[in-house]
Amino acid sequence: MFENCHLRIGYAPFVSCMPLSPQLLASLYALPHCAEMPLREVLEAQSKDAPWAESFTVAPEQTATAVAAMLRHLMMATRDLQPGSIATEALATGGRARTHIEALRDLWLGNPAIVPSELAILKAFLACEAGDALQSLHVIWDRNSTQLTSLERAVLEHLESHHGKLDEEDIDYVRLISTPKTCRAPESILAGHVQRHLLDPSAPTVPMDDSLAVCSVRDALTECEAAAAIIQHWLAEDRTQLASEIGIILPSGPEYTHYLSEAFANAGLTASSLPAAPDRRNVGGEALLHFLQCRRRPAPAMALASLYCSPVLCWSPDVGSALANAVMAYDFQPILVQDLNGKQAALFSLIRSASPTTNGQLKEQIRSFLRLLSEDELLASDVAETKQLASRLLAALGNANDAAEAELEKAIQLAAAYQAPPCPRGPYYLGGISVMLAHEMPKRQFRKLLILGFNDGAYPPPPSGNPFFLDSEVEAISNTIGLQLPSQAKQLDASLNLFARQIGAASDQVIFLLSERDRSGSFLSASSSLPLISRLITGMDDPESLVVPLTHSEGTIWDRLVAWKPRPVVDPLEPIEVPTHYEFDLDLLSLRKKDDGTPRAQSPSRLEKLLISPLAWVLAELGAEHVSWQPEALDVMLRGSLAHEVFERLFPPGKDHPSDEVIEEKVPELLLERIRAIAPFLQTSAWAVERNTLEAEITKSAKHWSMVLKSLDAEIVGNEFWLSGTLFDHPVHGKADCLLRLPDGQPIVVDYKKSSSGTRRQRLQKGWDLQVDLYRRMTVRIDERSHEAVVRIGETLNGWFKQPAVAYHTLNDGNVLLNGIEVFDSTDVELVAGDIAANALALISARFDALKAGLLETNTTADAKFFQKAAALGTYALEDSPLITAFMRDDTAPSVTLPDELDD
């Protein structure tokens, strides 16, 4: 408000010019302070006829903010702050513009106390007489400014009626108003021509010269380093050039301030008024935000994981990290919780407790959270930040009825909007290089000016949207009833005028620096004002050709901007040759051991990983696998887990197989029950389509499976049971999905797969399957403590005179791939004859021998193609870690020997 308007207070020699503000006016006229009524309370009591009523029902906080902003603009578009002065009869009846204007006006008329306190000060001032002023003063302002609102003009003119107008020759008027609008560079050079004609589409062109240049470097860090190098060169080349005659304009935000501070420190340069860069994250505010997000069940996994590993909680970083990793693996109740006690157990219980149903419960949960924060003195400032933000939240919720529905969404929005206190501007050094931000007007002239961050989205920034009016409606309102409301076009004009004033502050040279990529490596484009500059240069048909990259610097302006140093001669490193294997003086197969010193059992999934990549297997054995932190997704593994668990409950042992009607009735409730247990995020409405699709897929698969079981007259003996045994004298174990028994007593161990049968069939036929063949070789351990269901499974397996048959049931296409029975007369089952694991077991045997000898074999670049084509195996293990690629041999031959019968 009152941009570039000042009050000159007092008489010479004791006179000062101060920026005009409502608070300054209040002190000079002894104006009363008026309390402001919260707009949200007014909107809550308003009728449902308001045009924003539906939006307020869905998003009350955001709607109240938008209404407050537009209502403020409407108030400032009047000259007297009187809602009755707004006449809308000239606007089209029933049109959106008239509807919104009248709704805002009526809201103001019915609730005068919603006028913002600083606007109430201006209203009180407009009723003052000249004699009410406590001091002598004069107002200094630009009468030609197009950025002032009607209310601001009314206040400024009222001040002039009290204290008189200043002459445009007045020294302070010249210093504050006239001089900043002066273009400093002579019109004979390119910089001066651009300063005068940047926004003039009919201006003539002039030749290119070094007074203005647009240069690009890789990223923001390189921009700041280049700026430091350019300034060093300017100061060294021209001894009359003072550091104080150089200005730098930066985009707002901590990125550039941090990089520039670092670059200037390394170059020995002094920056004046450089904003400080934040030295830490606001982890205290983050912790409270994540806690509130986890109060809304189901809690998002990433929010829950981020909360668990927050340093301000009362458990150790190791515990927090373990809990977070468990959550990202969909384990919401990990075993380590059993070891928690005291405050740690209470904190975990609070985090996993039910969502608050009332405001009273929400407030008590926030207070309980504050009692369970860390007591570490090193984290005292972060804990204090959490408590300070919580106090604000509790105060904001204080007026709400404790018995009313919990305003959790409001609490989350308040916590999310929190920002750490802005870092102050650095000290002003009289002889330092002046640093300005992109939204600031230069206060004086410079010889040299550097403008950093000259990328799309800056110089000018994109105008903010208007949820109430289109630009065409704003123009119609202005032309019809005279109200001047903000529009995107006006915002863009103001930003371009500011940009023109900024480059107009340089008398000798203006250099623009832009980044070619952002911090993630994505390409960036130049500022949208680049064409405004290039059109003023003779022969510059393509704006992009004005940009001079650092990578093509030879013979360009870069040679005149920086003092190049010869590149140091560095001998290139010889590429490290990866051997066929690495040798270790230990048994790698026994890396994981039980308490008694014996090796832990290997599972089929671990052995399949060993088939593909011994290095990936070793990393998994050492617990060095990559844990990906990403939002929840209904991926293949989760689909399979949910389908498995539904099948287990839909087809219980010893019961009749369900009919199609029973399946259609039970699948939805069973799926929802398992979703609550292992994938609670799928309960939300955002996942309705995926949830319904999965339900339909499982229903279809279950009907087909029930039909197959009935046609085979097969009995389900058990579901989800453990098997154990040895493979090449090493312990192995695994959990099978289902055990069937045919009428003749033949047992079949079944594994469900949430996939189609194509690749699985090829794998079986090529002899590279491992999982179900291992199940065939293992047994169920039975003792006096065994459950009846386990005993029944053991008796079925042990009662058969040879190894059981095995099968895959692929749920996506309903196929059943059966092995281990020589002759089987059924059209519902596909018999796969022969040894389905010969090649896999041969390779596992060789892998075991190598690992026992301490040899860790490496992969080659041909392995992925070999395992996919020759073995029909998935090669996900090769993508487990970047280390696997780093230690991969560049070879056209696979790391394993291709069996003769497969060598084509």
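Structure summary
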{"item": "Solvent-accessible area per residue for region 283-417 (1.4 angstrom probe, square angstrom)", "result": "44"}
{"item": "Point-to-point label distance, GLU3-ASP744, nm (Cα→Cβ direction, 7 Å offset)", "result": "9.0"}
{"item": "Relative contact order (%) - region 283-417, alpha-carbon pairs under 8 angstrom, separation at least six", "result": "32"}
{"item": "Over the chain: helical MRE at 222 nm, DSSP H runs n ≥ 4 each giving -39500 (n - 2.57), nearest 500", "result": "-12500 deg cm²/dmol"}
{"item": "For the chain, share of DSSP beta bridges that run antiparallel, in % to the nearest 5", "result": "55"}
{"item": "Under 26 Å from LYS754, Cα to Cα: lysines that are on another chain or at least 8 residues apart", "result": "LYS609, LYS655, LYS666, LYS700, LYS703, LYS710, LYS735, LYS766, LYS865, LYS869"}
{"item": "Residues of region 6-181: accessible area per residue with a 1.4 Å probe, Å²", "result": "50"}
{"item": "THR684 versus ARG777: modelled label distance in nm, points set 7 Å from Cα along the beta carbon direction", "result": "4.5"}
{"item": "Option label - Rg and Dmax of the Cα atoms in Å computed here, alternatives (1) 30.8, 108; (2) 37.2, 115; (3) 28.5, 90", "result": "(2)"}
{"item": "Stretch gain in nm, segment ASP80-GLU364, where the contour uses 0.36 nm per residue and the Cα spacing is subtracted", "result": "97.6 nm"}
{"item": "Farthest positive-ward along region 212-305 dipole, Cα basis, beta-carbon charges - from ALA276, ALA287, SER261", "result": "ALA287"}
{"item": "Length-normalised contact order for region 778-904 - Cα pairs under 8 Å, 6+ apart - percent", "result": "15"}
{"item": "Per residue solvent-accessible surface (Å²) - region 504-589, probe of 1.4 Å", "result": "65"}
{"item": "Tensor-based shape of region 459-589 (alpha-carbon gyration tensor, a/c under 1.5 rounded, otherwise prolate or oblate)", "result": "oblate"}
{"item": "Förster-model FRET efficiency, 51 Å R0, SER136 and VAL548, C-beta, rounded to 0.05", "result": "0.40"}
{"item": "Label-to-label distance, nm, for residues given as ALA346 and MET208 (7 Å Cα→Cβ offset)", "result": "7.1"}
{"item": "Positive dipole terminus of the chain, leading residue within PHE681, GLY640, HIS6 (C-beta point charges)", "result": "HIS6"}
{"item": "Amide H partners (placed H, <5 Å) of GLN602, local residues excluded", "result": "VAL732, HIS733"}
{"item": "Degrees separating the helix 117-126 axis from the principal Cα axis of the chain, which is the longest one", "result": "10"}
{"item": "Acute angle (nearest 10 degrees) that the helix 688-712 long axis makes with the longest principal axis of the chain, alpha-carbon atoms", "result": "10"}
{"item": "Average Cα contact separation per residue, the chain, under 8 Å, 6 or more apart, as relative contact order %", "result": "12"}
{"item": "Label zone at LEU622, where the point sits 7 Å out along the Cα-to-Cβ direction: region 844-885 residues whose backbone N lies under 12 Å", "result": "856, 883-884"}
{"item": "Portion, in percent, of the accessible area of the chain that falls on carbon or sulfur, probe 1.4 Å", "result": "53"}
{"item": "Prolate/oblate/rounded call for region 6-181, Cα gyration tensor, a/c under 1.5 rounded", "result": "prolate"}
{"item": "26 Å Cα-Cα reach of LYS165 towards lysines, excluding residues that sit fewer than 8 places from it in its own chain", "result": "LYS123, LYS181, LYS443"}
{"item": "Long-range amide H partners of ALA893 with built H, under 5 Å", "result": "none"}
{"item": "Selection from HIS163, THR57, PRO112, by position along the positive dipole direction of region 6-181 (Cβ)", "result": "THR57"}
{"item": "Within region 879-895, backbone nitrogen closer than 15 Å to the virtual label 7 Å beyond the Cα of GLU574 toward Cβ", "result": "none"}
{"item": "³J(HN,Hα) computed for each position of region 476-493 - Karplus, 6.51 cos²θ - 1.76 cosθ + 1.60, integer Hz, glycine/proline x", "result": "5, 5, 5, 6, 8, 10, x, 7, 9, 9, x, 9, 5, 4, 5, 4, 5, 4"}
{"item": "Between 0 and 90°, nearest 10: helix 408-417 axis offset from the chain longest Cα axis", "result": "60"}
{"item": "Most to least packed among 539-548, 69-78, 312-321 [average Cβ atoms within 10 Å]", "result": "69-78, 312-321, 539-548"}
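The values are calculated or read from the model by the stated rules, or taken from the named source; none is laboratory data. Predicted, not measured: the structure shown is a model, and the values here were computed from it. As a convention, Cβ positions derive from the backbone with ideal geometry for all residues, glycine included, and neighbour counts pool all protein chains shown. Surface areas here come from the heavy atoms of the whole protein model, side chains and all, with no ligands, DNA or RNA. Shrake-Rupley method; radii C 1.70, N 1.55, O 1.52, S 1.80 Å.
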